[in-house]
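The values are calculated or read from the model by the stated rules, or taken from the named source; none is laboratory data. Because the structure is a prediction, the values reported are computed rather than measured. Here the Cβ positions follow ideal geometry from the backbone for every residue, glycine too, while neighbour counts run over all protein chains shown.
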C-alpha cells in the first residue's frame, strides 16, 4: 500500500517538472547549401533574439544568410521560415519554436523545440533562446561541419 501511495505521488508530480521535446529532420549531405534566405519572422517570434541565433547557427556551419521581408528574393534557392511561442512565468520565456528549411518549395529540413507543459516548475525554461536553439540548429545541420564556432 505504501508503494502505491509513493507511485501515485511520483506520477502526480512528473507533469509539474516538464521536459523538453525535440524533433529534428537533418539536412542531407546531397544538398550543397552555401546561402540561406531567412524570412523575417518578427510577427511570429517576439523574443528579439531568434533571428540572431539562427544566423549565428548557420554561420557556424559556414552557411551565409540574409533576412528578407514580404516576398522571397528571386536569387534565394534556399529559404528558412521560423516561429516561436512565448509565455510568462515571473518572466517571459520561449516554450516552443520551429524552423523549416526549403529548397525552392520543398521542405528539406525541420527542427522543433518544445517544453512540455510549458516547462512546469523546471528552472531550465528560463534559459535564453541561444542555449535552447543552438543544439537544435546544429543537429539540423549535422552533415555540415562546424567551421566557425563563434561567427559574427
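Side notes on the structure shown:
- Close contacts from region 121-145, counting a first residue that is without any contact (Cβ under 8 Å) to a residue 24 or more places away in the chain and a second that is part of a loop (DSSP other than H, G, I, E, B), with Cβ to Cβ under 6 Å and a gap of 6+ residues or different chains, come to none at all.
- Qualifying residue in region 95-114 (condition: exposed (fewer than 14 other Cβ atoms within 10 Å of the Cβ), touching a strand residue (DSSP E or B) at 6+ places or on another chain (Cβ under 6 Å) and either assigned to a strand (DSSP E or B) or modelled with pLDDT of 95 or more (or both)): yes
- Which numbered condition residue 79 fails, given (1) over 13 Å from the mean Cα position of the chain (by Cα); (2) surrounded by fewer than 17 Cβ atoms within 10 Å (Cβ to Cβ): (2)
- Any hit, region 57-72, residues being crowded, with 18+ Cβ neighbours inside 10 Å, within 13 Å of the chain's Cα centre (by Cα) and closer than 18 Å to residue 131 by Cβ: yes
- The set of residues from region 4-44 being at pLDDT below 70 and either under 24 Å from the mean Cα position of the chain (by Cα) or surrounded by 14 or more Cβ atoms within 10 Å (Cβ to Cβ) (or both) comprises 15, 16, 17, 18.
- The set of residues from region 33-75 being in a loop (DSSP other than H, G, I, E, B), on the phi < 0 side of the Ramachandran plot and in contact (Cβ under 8 Å) with a residue 40 or more places away in the chain comprises 33, 41, 44, 45, 46, 47, 49, 61, 63.
- Filtered residues of region 128-149 (kept if in contact with a strand residue (DSSP E or B) (Cβ under 9 Å, 6 or more places away or on another chain) and buried (at least 16 other Cβ atoms within 10 Å of the Cβ)): 129, 132, 133, 136, 137, 140, 141
- Those residues of region 122-142 which are at pLDDT below 95 and not in a helix (DSSP H, G or I), in sequence order: 122, 127, 128
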